[in-house]
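Okay, so here's the structure we're looking at.
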Amino acid sequence: MDETYDVIVMGTGLKECILSGMLSVSGKKVLHLDKNTYYGGESASLTPLDQVYQHFGKPEVGDKFGRGRDWNVDLIPKFLMANGQLVKLLIHTGVTRYLEFKSVDGSYVYKGGKIYKVPADEREALASSLMGIFEKRRFKNFLQYVQDYDENDPKTFKGVDPSMSAKALYEKFGLDANTQDFTGHALALYRNDQYMALTSLDLIKRCRLYSDSLSRYGKSPYLYPLYGLGELPQGFARLSAIYGGTYMLDKPVDKIVMEDGHVVGVSDGKDTAKCSVIVCDPTYAQDRCKKVGQVVRAICILNHPIENTKDAQSVQIIIPQNQVGRKDDIYVCMVSATHNVCAKNYYLAIVATTVETDNPEAELKPGLDLLKGVEEKFVSIVDLYEPLDDGQDSKIFISKSYDATTHFETTCDDVLDLFKRITGEDFDFSKVKHTDVEAVGE
Amino acid sequence: MATGIPSFKVILHGEYGVGKSSIFRRFMNDTFTQATGKQSTIGLDQCTRTIDLGSQNVKLTLWDTGGMERMSFIGSSYYRGAHAALLCYSVNNKDTFSILSQYILDIVMNAEGAKIFLCGNMTDQLGPEGSEGNAVTDTDLDQFMSQCQDVLSGVYRVSCKDSSGLEEMFRDMARVLHQDTMSRMTMRRDMIRPGDTPEREQTTEKKRCC
Ligand SMILES: Nc1nc2c(ncn2[C@@H]2O[C@H](COP(=O)(O)OP(=O)(O)OP(=O)(O)O)[C@@H](O)[C@H]2O)c(=O)[nH]1
Ligand SMILES: [Mg+2]
């Protein structure tokens, strides 16, 4: 590995693979390493099921839950917003052709111990049992306003100053606390209530992302790839390879070599690969990161769908923090054999939240209670890291750990921000030109 | 776009340097280059061709490895949804041949139900009878085939340099794959490929940005 590269990327998690792909496409010579024998790092999907048991230090079960090979278990569950940034990245880089997706069946929100389908348009709002009759009308007016809103056309502001706070906008429409809860958390997908002080424009944009995503393929605004999220980093790794990126897995990195305060290479103990830039996840540069919190996740195997979801084969449930007296939301994601992630008649549910107490597992209780009996449960508490600096001096650019959100918007924000810091410019999608030839027939 | 033509994903597989990208290039635009190594593989992704079987048109989409087999594992996603794998070796390099059973295992594990075709490349380089050296002999091939009889759906010998055997191979693969689906029609309908899949009927005339 004693060659010279423009960039060495370490870790094959989703963020690193997207960056590796974008950098290769931009003409950089990229070496991409991983200490593991598989692609994906923390965003891998483990298969067969025994690998999950091994990962959590439990004795193997073989084919106890259907054929072990049919399982692809995400360590970090997330869904793609159909109109979100990751889908745009997939389309514009051509990576979408390596993957297949299906819609997620349902999107639900928790209120007073029960779950309700998230009403996303005026018609659904009027039919929902989530609100009383007068509240429905107010909410309908709010949705209508959001739909008609055009950032570039002040007429559509209808007298609202875009810098007005989200809270003030709610008050303008007279929405009650419950409606504010599911609007902010299940539609706008804020993780806590700090957004109330942010601009109403941000709230409106997020609500629009939800409804635009919903209108794309129906059912819910979410997509999920067949065979699990682990397919995503692999797709971007292929993109990188096709543009000349070199891949080495199972490659322990001994140390990052520095000179005059900036990186000059990576050593495996024997050889040094030279480079002027490093991109990596926090596990490759612990000493340059700070801990910013913890996430607790419980991966659960069920033998039944979740109650009151009309037997949905895949579903997201958001438990807004206010509803259970917390600061951060609790998320439940469930997928099943329709997405080729588990054996027939089983369901894979993951409950996750940001840790607030000394007893993280107990914090998941409202989510776990919704599952009504699990066959198996794997609980993990992971530290979240962020880089200490922006990498401009050291030229070591470190991604943030994956947060508790169940979609990829924050993931993409980090990736696009990193790309800009690394190259000094935005990614130019017109550089994507690989073969997608439909050769003429004989 | 959505023609009713049956369409098959075929992945190239085999050791580096056996000529996978060369086969890909012959398939794509019937060209050949002496260039070798990582650099020569850049840009090759996948290519679709319609093959006329007389009674029926069939689409083959051939996938190159992107050179990912050079230093590391190719990753499970390459295999997903493959209807067939074209397993390549060089007829004058035994090593590239003896490793094939390992590749077959990978294919069976990762692309369940995929048909496997065997392709010996570089037949132009075979010396005269008796000068085999490191070449793969007929006996080697017979032995291998008897070991994995049921697994192989076709065995070919080609040369990308003088282009012999290639068109026949592509056509034969298309024929075998088509016959196979005729005997068990399976269609997947609810798959979504963002950017490709037509979206739900729009009720409002909103502009989309991508
Ligand atoms: N003489 C001869 N040379 C060939 C033939 N096919 C390929 N080659 C040469 O063999 C070398 C390797 O071919 P590639 O097509 O790059 O092989 P590959 O399997 O794609 O290799 P990687 O992508 O590097 O793993 C090139 O120099 C080709 O020109 C053939 O039929 N005859
Ligand atoms: Mg090649």
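The values are calculated or read from the model by the stated rules, or taken from the named source; none is laboratory data. Since the structure is predicted, the reported quantities are computational estimates derived from the model, not experimental observations. Note that we place each Cβ from the backbone using ideal geometry, even for glycine, and neighbour counts take in every protein chain shown. The protein model used for the area step is the full one, side chains on, heavy atoms only, and it has no ligands, DNA or RNA in it. Shrake-Rupley method; radii C 1.70, N 1.55, O 1.52, S 1.80 Å.
Quick notes on this structure:
- Just checking the listed ones, A:T37, A:T338, A:T93: in the Gaussian network model of chain A with Cα springs under 10 Å, the one fluctuating most is A:T37.
- Counted charge near B:L12, where neighbours are those whose Cβ lies closer than 12 Å (Asp, Glu -1; Lys, Arg +1): 0
- Out-of-range pairs (alpha-carbon distance over 29 Å; input A:K29/A:K255; A:K365/A:K420; A:K400/A:K431; A:K58/A:K88; A:K290/A:K395): A:K365/A:K420; A:K58/A:K88
- Chain B: angle of helix B:166-183 to the longest principal axis, Cα-based, in degrees nearest 10: 50
- When the residues A:H185, A:H262 are ordered by accessible surface, computed with a 1.4 Å probe over the protein chains alone, the sequence from largest down reads A:H262, A:H185.
- Among the listed pairs A:K310/A:K372; A:K344/A:K372; A:K64/A:K219, those beyond 21 Å (Cα-Cα): A:K64/A:K219
- A Förster radius of 30 Å combined with the Cβ-Cβ distance from B:V155 to B:Q39 puts the calculated FRET efficiency at roughly 0.45.
- For A:Y39, the accessible area of its heavy atoms, probed at 1.4 Å with every protein chain present, is near 20 square angstrom.
- Shape call, segment A:64-130: gyration tensor on alpha carbons, a/c limit 1.5: oblate
- Pairs of Lys residues in chain B, spaced 8 or more positions apart or belonging to different chains, with C-alpha separations under 16 angstrom: 6 in total.
- When nucleic acids and ligands are ignored and a 1.4 Å probe is applied, B:L12 ends up with an accessible area of around 0 Å².
- Packing rank of B:60-68, A:364-372, where each peptide gets the mean count of other beta carbons within 10 Å, highest leading: B:60-68, A:364-372
- The packing ranking of peptides A:304-315, B:142-153, highest mean first, is A:304-315, B:142-153, where packing means the average number of other beta carbon atoms within 10 angstrom of each residue.
- Percent accessible area from carbon and sulfur atoms, segment A:118-217, protein chains only, probe 1.4 Å: 52
- Chain A: DSSP helices with Cα axial extent of at least 20 Å and average Kyte-Doolittle hydropathy no lower than -1.0: A:133-148, A:200-217, A:409-423
- Point-to-point label distance, B:R171-B:R193, nm (Cα→Cβ direction, 7 Å offset): 2.7
- Taken residue by residue and averaged, Cβ atoms of other chains lying within 10 Å of the Cβ of A:181-190 number 0.
- Going by accessible surface with a 1.4 Å probe and the largest first, A:D389, A:D6 read A:D389, A:D6.
- Chains B and A together bury some 4500 Å² of accessible area, summed over both sides, with a 1.4 Å probe.
- Exercise: per-residue mean of other protein chain Cβ atoms within 10 Å, A:91-97: 3
- Cut-off 13 Å, label 7 Å out along Cα→Cβ of A:D358, residues of segment A:318-332 by amide N: none
- Full-extension gain in nm, A:D390 to A:E171, via 0.36 nm per residue minus C-alpha separation: 75.0 nm
- Inter-chain Cβ neighbour count for B:77-86, averaged per residue, equals 3 (cutoff 10 Å, partner chain atoms only).
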